[in-house]
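J.: Please see the structure below; I have some questions.
The values are calculated or read from the model by the stated rules, or taken from the named source; none is laboratory data. Everything numeric here is computed off the predicted structure, so don't read it as measured data. Ideal geometry is used to build each Cβ from the backbone, glycine not excepted, and the neighbour counts take in all protein chains shown.
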Amino acid sequence: MEHVDRCVVLVDAGYLLGAAASLLAGEPARSRITVDHAALIRGLRERAEIDTQQPLLRIYWFDGAPDRVPQPEHRRLRVMPRVTVRLGALTRSDGRWAQKGVDAAMHAELTELARNRACSDIVLVTGDGDLLPGLMSAKEHGVAVHLWAVQAADGDYNQSEDLVAEADERRVLDRAWITRAVRAKDLTGVCAPAPAPRPEIAAILSAPLPESALASSASAERASAERAAAERAATATPDQGAPAPAAPVNGSARPATPVPPGASVKGVPTPKDLAALRAGQHHPGPAAPHPASATLRWSSDRGWIDRPGGPGSEPPETASLPTLAQLTSAEQRWADREEDITTVGGDPFEVGQVFARRWLDRLPDTAHVQTLSAMYPRIPHRVDGELLRYAARFGLLAHKDDQIDEHDRYAIRAGFWREIDVRTAAGHTAAGE
């Protein structure tokens, strides 16, 4: 039985993406790069068909995943034409992630394809010498083996020399080829640039936090003690005498100074300040001590924001905002999932934009948009929580080196606000016409 004249590509994703990260970002951590998987698969197919002069049968994508559960990138890949995903285990040992079973799966696929004469040419994108026996077996079955490498960051080999020596043909995927589908993340700012920079986003990111939540608790206790003293003074009878002064809290006997409605409290922006922020006319200085009733990091800002009604309650204006889940029908939910898998790339900024677009498109009352816009820069708690849960589908907000990536969180929220701004500006333009 003769071989079928077609080619197959076997990709060790750990090698391909790790080597690309080393080349572009200086270290092999895949979290340092952003991958356009559709462009990468397209590039692999085109390159394989040119090199082998045979049509493509299939691309096998071998990768590791915790408990072999497909991650968002795997779900996107496996619905692409001519792509089959094979997953091994991903385990953590001595603080490092390691793939288990990927090499064995590649070896088994390589030898099975050659034995069954399913193709005439096999392209291997790997650097692991453990595949040497499989490569030799494929050659013995009359299959031409093409070995591809990623250009090494230091100009040296990043493949087993024995593997290189045994391959029939060899190609190096250089930086120019890699950057068609892979780019290094800019960890100094938002992953995807907004159409126009928003200085207030940078202000949110750089604003220092108050010293500690203990100070807030102390202020609240002081205010409570002062209120109790005032009540006792108001209800005291002449024969009871004047009540004793309230004991100072944390050694401070200075009474709290009431703040008139609408007045500016140092470190807490007023609506006028926020309006100036949105126009790019003002940059807040270092955060000052917070008001007694403030709550740390409510929603998406890093400062202290008043939360009326005490912890656990929600202002009426935000409680009326519908969530995306409430606005989405079963048919739309299916279409959203299909779009997430096949179209949405998973960049944090883009994810925030996609969520905001769907929410805006399905709102029955445009007054909700004005309500939300007036709350900038914080996203109401119920909407913000749903936004971050949506982002988790794409592997964002996951633990990276045992720490939650705070940069991704703010990139997601910046994308959300950018879409809100675009829609709000478009609405104002239409109303002006």
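J.: Any residue that is of a type in the set (Gly, Ala, Ser) and in contact with a Phe, Trp or Tyr (Cβ under 6 Å, 6 or more places away or on another chain) - is there at least one of those in the range 65-83?
T.: For the range 65-83, residues of a type in the set (Gly, Ala, Ser) and in contact with a Phe, Trp or Tyr (Cβ under 6 Å, 6 or more places away or on another chain): absent.
J.: Here's another thing I want to ask about it. Kindly list the number of the only condition in (1) at pLDDT 95 or above; (2) among the charged types (D, E, K, R); (3) outside any strand (DSSP E or B) that fails for Arg58.
T.: Only one criterion is unmet by Arg58, namely (3).
J.: Only one of Ala89, Ala105 is closer than 26 Å to Asp408 by Cβ and either modelled with pLDDT of 85 or more or β-branched (Val, Ile, Thr) (or both); which?
T.: Only one candidate passes the filter, namely Ala89.
J.: Let me ask something else. Which residue out of Arg78, Arg45, Arg58, Arg32 is without any contact (Cβ under 8 Å) to a residue 40 or more places away in the chain and touching a Lys or Arg at 6+ places or on another chain (Cβ under 9 Å)?
T.: Residue meeting the stated conditions: Arg45.
J.: May I ask you to list the residues in the range 7-35 that are assigned to a loop (DSSP other than H, G, I, E, B) and either within 22 Å of Gly88 (Cα to Cα) or outside the structural domain of Gln151 (by TED's automatic domain parsing) (or both)?
T.: Correct list: Pro28, Ala29.
J.: Could you list, in sequence order, the residues of the range 112-121 that are among the aliphatic types (A, V, I, L, M) and in contact with a helix residue (DSSP H, G or I) (Cβ under 6 Å, 6 or more places away or on another chain)?
T.: Ala114, the sole residue that qualifies.
J.: Given the criteria modelled with pLDDT under 95 and either in the same structural domain as Asp347 (by TED's automatic domain parsing) or among the small types (Gly, Ala, Ser) (or both), does Gly43 qualify?
T.: Taking the combined requirement at face value, the residue does not satisfy it.
J.: Across the range 141-160, which residue is nearest to Ile122 (Cα to Cα) among those that are exposed (fewer than 15 other Cβ atoms within 10 Å of the Cβ) and either at pLDDT below 90 or among the β-branched types (Val, Ile, Thr) (or both)?
T.: Residue satisfying both the conditions and the ranking: Tyr157.
J.: Inspect all residues belonging to the range 2-17 and state whether any of them is at pLDDT below 95, basic (Lys, Arg) and more than 17 Å from His74 (Cα to Cα).
T.: Checked the range 2-17: no residue is at pLDDT below 95, basic (Lys, Arg) and more than 17 Å from His74 (Cα to Cα).
J.: Another question, if that's okay. Among the residues of the range 359-372, write down those that are surrounded by 15 or more Cβ atoms within 10 Å (Cβ to Cβ), outside any loop (DSSP other than H, G, I, E, B) and of a type outside the set (Val, Ile, Thr).
T.: Trp359, Leu360, His368, Leu372
Listed here are the residues, each with its yes/no results for (1) within 21 Å of the chain's Cα centre (by Cα); (2) small (Gly, Ala, Ser).
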site	(1), (2)
Asp5	no, no
Val11	no, no
Gly18	yes, yes
Pro28	yes, no
Ile41	no, no
Ala48	no, yes
Thr52	no, no
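J.: Let me ask you something else. Specify which of the listed residues (Arg75, Arg86) is assigned to a helix (DSSP H, G or I) and surrounded by 13 or more Cβ atoms within 10 Å (Cβ to Cβ).
T.: After ruling out the rest, the residue left standing is Arg75.
J.: Give me the residue from the range 330-354 that is assigned to a helix (DSSP H, G or I) and acidic (Asp, Glu) and, out of that set, nearest to the chain's Cα centre (by Cα).
T.: Restricting to residues being assigned to a helix (DSSP H, G or I) and acidic (Asp, Glu), the top hit is Glu350.
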